[in-house]
1. Based on alpha-carbon atoms only, what is the radius of gyration of the range A:122-248 relative to the globular estimate 2.2 N^0.38 Å?
2. Based on Cα coordinates alone, diagonalise the gyration tensor for the range A:56-160, multiply each eigenvalue by 5, take square roots, and list the semi-axes in whole Å, largest first.
3. Could you work out the mean count of beta carbons from other protein chains within 10 Å of each residue's beta carbon in A:143-156?
4. Per Stokes-Einstein, at 25 °C and 0.890 mPa s, what whole-number D in µm² s⁻¹ belongs to the protein assembly as shown, with the Kirkwood radius over Cα pairs as the hydrodynamic radius?
5. Can you tell me which of A:162-173, A:246-257, A:338-349 comes out highest on packing, and rank the rest after it, using the mean Cβ neighbours within 10 Å?
6. Using a simple spin-label model with points 7 Å from Cα along the Cα→Cβ vector, what separation in nm is obtained for residue A:221 and residue A:178?
7. Could you give the angle, 0 to 90 degrees to the nearest 10, between helix A:63-77's Cα long axis and the longest principal axis of the Cα atoms of chain A?
8. Other chains' Cβ within 10 Å of A:125-133 residues: what's the mean?
Amino acid sequence: MQKISTEIAIVGAGSAGLCAAYQAASAGADVLVIDENALPGGQLFKQIHKFFGSREHQAGVRGFEIGRQLLDRVETSGSKVLMDSLVYGLLPDKSIGVISQDKNYSLKAKKIIIATGAKENYMAFPGSTLPGVMGAGAAQTMINVNRVLPGKRVLMVGSGNVGLIVSYQLMQAGAEVVALVEGAPTIGGYGVHAGKIRRAGVPIFVGHTVQKVWGDGEVEHVQIVALDDKWQEVPGTERVFDIDTLCLAVGLNPMTELVWMAGCKFAYIPSFGGHVPLHNEDMETTVEGIYVAGDVTGVEEASSAMEEGNMAGVAAAHALGYLTDAQAAERKAEIRQRLGTLRSGMFGAKRKAAKEQQLDAMQDCQKAAV
Amino acid sequence: MRITEHPILDEPLYQKKVTLYYNGQPIEAYEGEPIASALMAAGIRVMRTTAKFHEPRGIFCAIGRCTDCMMIVDGVPNTRTCVTFVRDGMRVEKQEGLASLKTDERGMDYAKN
């Protein structure tokens, strides 16, 4: 096994990892980003909708354009990006196991930033394993990156922003969305997205769930049913649709395997997608020198993932002496302010509360250790 | 089905047409696209069957996590076709169960590993 080394190793070349790389490398650190995918950018290149937020967060710019700009910045920063390379483990001595081009490497880094993102949740019901049932993100990848339509008649489950946006993107790509089903009594995502698909004539069934899917070896029909205020099925309210594809947009969960391996402490925060690693304001975990950023710290959205990446990159570079205390403090304050803006308002309040719970748990953990 | 017209997106990422063999049948594909994408475009939705109950499985996550899309690619079983990319002349077979752990064309004996 060949030994290699860098100052800052970043796992994951998505929104958070690339921002961390840009910040740390432009501060002067030697940075290596590793990602198992063929192309960098994570999920940004499948996001063709315009982003929200303020001007600093590039509101009005489409996700893939933000991705292109980010890649340019990372390239000029001098950070190295190693694609098609799998990080399979983080050992107790903090060495990183990497397989690249069929070769096994042991990578040593002074600081490690884990930015592995999240994966889609699954939902079980009779027929849910049939070909044609897929994650909404999977459908988004197929239409926006690979330019292949996963189906002609689609039913979407989940009315968060992913469910709403992907429904619209399926229609842009030429599919018919026969209905959108949401278990909760109200639509989860932004009104502006819901309005777009409503205007296109897609019925939205709130307070409904999928009862079953069936067909000859693949999805052909779906039956939905209304739920009462205790989330129990209401007999007699069943409706059947002929479909060929059912998309699940029922949340995501952080991909924390490496963080667990590193021995970091976790908290269980359901609104963040489950168990999430504790971290301080600098994004450093309970294990010194190991940082986290983006959806792996709790599922939010791309803009806050990028800001957390910025924070981790600045903090790691500063810890290695690449920024003066004053420079680091100034940059961190700016990032913290922008993160605060992202976690404000009607839709941000829940995420703000979750993040505060996570930071408090970190403080409790540190107090207990003293 | 390929998306040929799109209100927002410009030129597709993959351009060069090649041939992929699915269970011996030639299908049109683009070099560099995920195998699963070429199969989906050709209307092939069943990638494998499960070992115990022989139930069909197709694309679920499309990012290499769920393993539902594993097939036998150029003799190598359990290949995730959503993150394995098309080369001209590639041979892809539907995988029944766990597939036999025989040797592939590189002479690797999977049963020993």
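Read-outs throughout are calculated quantities, based only on the coordinates presented, and are distinct from any laboratory measurement. Keep in mind that what you see is a predicted model, and the values were worked out from it rather than measured. Reconstructed Cβ throughout: ideal geometry from the backbone, glycine too, with neighbour counts over all protein chains shown.
1. Rounded to two decimals, the normalised Rg is 0.98.
2. They are 33, 23, 14 Å, listed from largest to smallest.
3. Mean inter-chain Cβ contacts per residue within 10 Å come to 5.
4. Translational D for this selection: 104 µm²/s.
5. For the peptides A:162-173, A:246-257, A:338-349, the packing ranking is A:162-173, A:246-257, A:338-349.
6. Between residue A:221 and residue A:178, the simple spin-label model gives 1.0 nm.
7. 10
8. Across the residues of A:125-133, the mean count of other-chain Cβ atoms within 10 Å is 4.
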